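Chemist: Below is a structure I'd like to ask you about.
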Amino acid sequence: MAALLKDLAIPDRPYAQVPSRTPPYFCSIDCERRAGMVAQAGEPDPLQEKVKSQRLRLFTPPPPPSYVPLEAFGAKMHAAVEQRYRDTKTAVDRLRARGGKIVFVRFPVTSPLKEHENKFNPRAQTCDPLLQQTAAPGIYFEDFPQRASFTCPEGRTCRLAILSNSRSASSRIWGTRCN
């Protein structure tokens, strides 16, 4: 009975600002703390459809509060994003000072989530400034035809794609291959 109640779709009250339900847990974590999709999520299945339908809502930003002027809200959001870039640059600099090598990798994402991300977080406003400010190399999946045409079963990256991207990424950057 509890499982049935958990999946019961109860509409929100009118004008209620409640967060979207998160997609169900559909990955496992191995001994090296790498997450990978469970096999069931990669097959046409009710779980896959549930994850797809809930994920788009999860990435949809809420409307700005009505009591804050739009210009002030936009300025606060812009300042928060700029602060995140500065914090990331500081973290990258600290890692480099300890001998670390940093590479930012943008893994595949497919429709309709891709269109949604392109609308709210276009590459020119997110990935490109991050790479420029940190002076770190980056691998963007759309720059490689074999990755750009990849279809993700649930809209985002599956484990097979992550492993193949990671291995080919390391070989392009450092001339070695990850195992």
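Each reported figure results from applying straightforward, stated rules to the coordinates on display, with no laboratory input. Predicted model, so just to flag it, every value in this text is computed and none were measured. Note that each Cβ is placed from the backbone with ideal geometry, even for glycine, and that neighbours are counted across all protein chains shown.
Chemist: How many nm separate the modelled label positions at VAL103 and SER149, each set 7 Å beyond the Cα in the direction of the Cβ?
Modeler: The answer from the label model is 2.4 nm.
Chemist: Which order, highest average first, do 50-57, 79-86, 140-147, 66-73 follow once you tally other Cβ atoms within 10 Å for each residue and take the mean per peptide?
Modeler: Result, highest mean Cβ count within 10 Å first: 50-57, 140-147, 79-86, 66-73.
Chemist: Could you give the length gained on full extension between ASP87 and PHE73, defined as 0.36 nm per residue of separation minus the Cα-Cα distance, in nm?
Modeler: 2.9 nm
Chemist: Please list, by residue number, everything in region 104-145 whose backbone N is under 18 Å from a paramagnetic label point 7 Å out along Cα→Cβ of LEU95.
Modeler: 104-108, 126-141
Chemist: Moving to a separate point now. Using a Förster distance of 41 angstrom, determine the FRET efficiency expected from the C-beta separation of MET1 and GLU32, and round it to 0.05. Write out the running numbers ahead of the final one.
Modeler: Details: r = 39 Å, r/R0 = 0.94.
Working from the Cβ atoms, E equals 0.60.
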